Amino acid sequence: MTRKFPEGFLWGGATAANQYEGGWNEGGKGMSVSDCAKHHFHEDVTNYKAQNAISTEDLMAALKSTDNSLYPKRKASDGYHRYKEDIALFGEMGFKVYRMSIAWSRIFPNGDDLEPNEEGLQFYDSVFDECIKHGIEPLVTMSHYEPPVNLVLNYQGWYSREVIDMFVRFVKVICERYKNKVKYWLTFNEVDSMIRHPYTTGGLIEDRFPGQNFEEVIFQAMHHQFVASAIATKICHETIPGSKVGCMLTKLTYYPYTCKPEDVLKMQQDMRSTYCYSDTQVFGEYPAYLLARFKNNGINIKMEDGDLEVMKQYPVDFVSFSYYSSSCVAADTTGLDVTAGNTIMALKNPHIPSSDWGWQIDPIGLRISLVDLYDRYRKPLFIVENGLGAHDKLVDGKVDDQYRIDYLEAHFKEMLNAIELDGVELMGYTSWGCIDIISESTKQMSKRYGYIYVDADDYGNGTYDRYRKKSFGWYKHVIETNGACLFEEE
Ligand code: BGP
């Protein structure tokens, strides 16, 4: 019998408002931290830290700048004006689900506004209506790198306790407004990423915390997001009966560089340093080893009465994550090659290939990740980001991205192995960047992920017309056969 995915498997694609919409100052939207994220094209694209460096001086310059070519996310893929055309293309591929985010600053332009921006609410009403028209279920991320920049300027980003109440106000409004259109929600995209890009995720700039332990600032901000996430889960469940709320983690998968016990221990420690955040949201409490890390590093988190109770009472319903690549770690890295991964730098695995951005291509690593997460949490899983960033070439209106098809096919086969052979419960899969969008780490349009090519360059030049790539028809066939086509020739 031909192998295929379970009935009802939610095939689809993913974007994020800050990387897709553009329309940064339209429809009553306020500026978000991403509108002030300048590209660093002169820096090595694999140097993640340099790509995401920002100071208060940089922020002030961004607030005054009218040169949008320096700030690619201001126009992004122009989804704000072209979403109907794009969702129709998603429908043509047969998407069951479309993961996207609501830009907080489109609803509450400054974050601390008391009343929502009706024009912003109407925009997402229209987006969801378009999805439903095409039989596509929205899966909505409440916070995907889009805090209003006012929270950086007049508060201390997510370090300020009052931001919890502002976010809760935002959540109450969107859950009430879209309760008949959206039942799948994620709270914070890659909540762990606060550690690696505190500005993008939490509106934190180190020079605004002089004399403070910045690691403590980051964990305090993350505590506020954990509390806000639990309250958001409560609001969802109470406002939208049958709603499902997921956490979303950066699934970093590490291998020990050798079988030396020191390398295996390093791998275990590094894996815990990523699991501690999803542990907190799934088990509803800080794991002992994270509390030990706070104590050993002199990190004092200010908690208020009720914080730990609400976190315990409202854990997430499912676990979603991003997976792109795997990496190696070792106790002693002397003389070993380093390569990039999603938001990290790690040792290069000599046994597997790399993308043009150095991210290592490892489909079996996805199966390993699925088994690890399912064994750890025993909750349904959802892959909400996976894909290959590549230099695609538009030639006579066509893009031959056979390399992307090869990447995806290998990963889909391992997903089915995890379901059929390892007993993993996998709700669905949304390809990251189902249409070309701005890269988070490098702010490039040229790091393309989509099944749909957007005719724009890294500086915002181009027609912004859409073109179906070779992978568009392939993915359409995968969805209509529910994956059976992957095994037909075998
Ligand atoms: C994840 C983010 C996405 C997306 C993805 C791909 O960390 O959740 O927003 O950016 O990485 O990474 P990049 O865009 O840097 O290639």
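Residues being part of a strand (DSSP E or B) and not β-branched (Val, Ile, Thr): count how many of those fall in region 129-168. The number of residues fulfilling the criteria is 8. Just one of (1) of a type in the set (A, V, I, L, M, F, W, C); (2) surrounded by fewer than 22 Cβ atoms within 10 Å (Cβ to Cβ); (3) in a loop (DSSP other than H, G, I, E, B); (4) within 16 Å of the ligand (Cβ to nearest atom) fails for Trp357. It is (2). As a summary of the residue check, Tyr464 satisfies the conditions (1) surrounded by fewer than 24 Cβ atoms within 10 Å (Cβ to Cβ); (2) within 15 Å of the ligand (Cβ to nearest atom); (3) on the phi > 0 side of the Ramachandran plot except for the one numbered (2).
Number of residues in region 447-461 that are within 14 Å of the ligand (Cβ to nearest atom) and surrounded by fewer than 22 Cβ atoms within 10 Å (Cβ to Cβ) equals 1.
Does region 99-108 contain any residue that is basic (Lys, Arg), at pLDDT 95 or above, crowded, with 22+ Cβ neighbours inside 10 Å and in a helix (DSSP H, G or I)? It would help to see each step written out before you state the result.
Step one: of region 99-108, the residues basic (Lys, Arg) are 99, 106.
Subset that is at pLDDT 95 or above: 99, 106.
Okay, now just the ones that are also crowded, with 22+ Cβ neighbours inside 10 Å, so 99, 106.
The next check asks that each one be in a helix (DSSP H, G or I); those that pass are 106.
Yes - at least one qualifying residue is present in region 99-108.
Tell me whether region 298-309 contains one or more residues that are in a strand (DSSP E or B), among the β-branched types (Val, Ile, Thr) and closer than 23 Å to Arg196 by Cβ. If you could, list the steps in order and put the result at the bottom.
Going through region 298-309, the residues in a strand (DSSP E or B) turn out to be none.
So far as region 298-309 goes, no, none of its residues is in a strand (DSSP E or B), among the β-branched types (Val, Ile, Thr) and closer than 23 Å to Arg196 by Cβ.
When you scan region 50-73, do you find a residue that is surrounded by 24 or more Cβ atoms within 10 Å (Cβ to Cβ), charged (D, E, K, R) and in contact (Cβ under 8 Å) with a residue 24 or more places away in the chain, even just one? Write out each step before concluding.
Restricting attention to region 50-73, the residues satisfying the condition of being surrounded by 24 or more Cβ atoms within 10 Å (Cβ to Cβ) are 72-73.
Among the residues that remain, those that are also charged (D, E, K, R) are: 73.
Now narrow it down to the ones that are in contact (Cβ under 8 Å) with a residue 24 or more places away in the chain: 73.
Yes, because at least one residue in region 50-73 is surrounded by 24 or more Cβ atoms within 10 Å (Cβ to Cβ), charged (D, E, K, R) and in contact (Cβ under 8 Å) with a residue 24 or more places away in the chain.
Looking only at residues in region 48-61 that are at pLDDT below 95 and touching a helix residue (DSSP H, G or I) at 6+ places or on another chain (Cβ under 7 Å), the one that is farthest from Tyr459 (Cα to Cα) is Ile54. Ser229 satisfies every condition listed in (1) at pLDDT below 95; (2) among the hydroxyl-bearing types (Ser, Thr, Tyr); (3) within 20 Å of Leu291 (Cβ to Cβ) except (1).
Being of a type in the set (A, V, I, L, M, F, W, C) and either modelled with pLDDT under 95 or surrounded by fewer than 18 Cβ atoms within 10 Å (Cβ to Cβ) (or both) narrows it down to one residue among Ile195, Ile164; which is it?
Working: Ile164 fails: either modelled with pLDDT under 95 or surrounded by fewer than 18 Cβ atoms within 10 Å (Cβ to Cβ) (or both).
It is Ile195.
Inspect region 276-297 for any residue being more than 30 Å from Tyr184 (Cβ to Cβ), surrounded by fewer than 17 Cβ atoms within 10 Å (Cβ to Cβ) and among the hydroxyl-bearing types (Ser, Thr, Tyr) and give the result as yes or no. Checking region 276-297: at least one residue is more than 30 Å from Tyr184 (Cβ to Cβ), surrounded by fewer than 17 Cβ atoms within 10 Å (Cβ to Cβ) and among the hydroxyl-bearing types (Ser, Thr, Tyr). Taking the criterion of being touching a residue at least 60 places away in the same chain (Cβ under 8 Å) and β-branched (Val, Ile, Thr), the residues of region 280-309 that qualify are Val282, Ile299, Ile301. Scanning region 9-29 for residues that are away from the ligand (no atom under 16 Å from the Cβ) and among the aliphatic types (A, V, I, L, M) gives a single hit, Leu10.
Quick one: which residue in Tyr124, Tyr159 is in contact with a Leu (Cβ under 8 Å, 6 or more places away or on another chain), away from the ligand (no atom under 16 Å from the Cβ) and of a type in the set (Phe, Trp, Tyr)? Of Tyr124, Tyr159, the one residue that is in contact with a Leu (Cβ under 8 Å, 6 or more places away or on another chain), away from the ligand (no atom under 16 Å from the Cβ) and of a type in the set (Phe, Trp, Tyr) is Tyr159. Among the residues making up region 308-354, a single one is among the β-branched types (Val, Ile, Thr), within 15 Å of the ligand (Cβ to nearest atom) and over 17 Å from the mean Cα position of the chain (by Cα): Thr339. If you check Ser143, Ser160, Ser229, Ser193 for being more than 21 Å from Glu385 (Cβ to Cβ) and among the hydroxyl-bearing types (Ser, Thr, Tyr), only one passes: Ser160. Taking region 30-46, which residues are within 16 Å of the ligand (Cβ to nearest atom) and within 18 Å of Lys447 (Cβ to Cβ)? Within region 30-46, Ser34, Ala37, Lys38, His39, His40, Phe41, Glu43, Asp44, Val45, Thr46 meet the criteria.
In region 419-445, the residues that are closer than 27 Å to Ile368 by Cα form Cβ pairs under 6 Å with partners that are within 11 Å of the ligand (Cβ to nearest atom) and not in a loop (DSSP other than H, G, I, E, B), at six or more places apart or across chains, as follows: Thr430/Ala14; Thr430/Arg99; Thr430/Val384; Trp432/Ala14; Trp432/Glu385; Ser441/Tyr48; Ser441/Gln51.
Condition check ((1) under 23 Å from Asp465 (Cβ atoms); (2) at pLDDT below 95; (3) in contact with a strand residue (DSSP E or B) (Cβ under 8 Å, 6 or more places away or on another chain); (4) more than 14 Å from the ligand (Cβ to nearest atom)) across all residues:
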site: Leu63; (1), (2), (3), (4): no, no, no, yes
site: Arg74; (1), (2), (3), (4): yes, no, no, yes
site: Asp86; (1), (2), (3), (4): yes, no, yes, yes
site: Gly111; (1), (2), (3), (4): no, no, yes, yes
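Scanning region 409-440 for residues that are farther than 17 Å from Trp357 by Cβ and hydrophobic (A, V, I, L, M, F, W, C) turns up Ala410, Phe412, Met415, Leu416, Ala418, Ile419, Leu421, Val424, Leu426, Met427, Cys434, Ile435. When region 6-31 is filtered for residues that are assigned to a loop (DSSP other than H, G, I, E, B), under 23 Å from the mean Cα position of the chain (by Cα) and more than 25 Å from Glu118 (Cβ to Cβ), only Phe9 remains. When the helices (runs of 4 or more DSSP H) confined to region 176-291 are screened for residues that are more than 30 Å from Thr334 (Cβ to Cβ), more than 21 Å from the chain's Cα centre (by Cα) and away from the ligand (no atom under 16 Å from the Cβ), those reaching at least 2 such residues are found at 214-239. Of all residues in region 422-446, those being within 13 Å of the ligand (Cβ to nearest atom), closer than 20 Å to Tyr475 by Cβ and over 16 Å from the mean Cα position of the chain (by Cα) number 0.
The values are calculated or read from the model by the stated rules, or taken from the named source; none is laboratory data. Fair warning: this is a prediction, and the values are worked out from it, not measured in the lab. Reconstructed Cβ throughout: ideal geometry from the backbone, glycine too, with neighbour counts over all protein chains shown.
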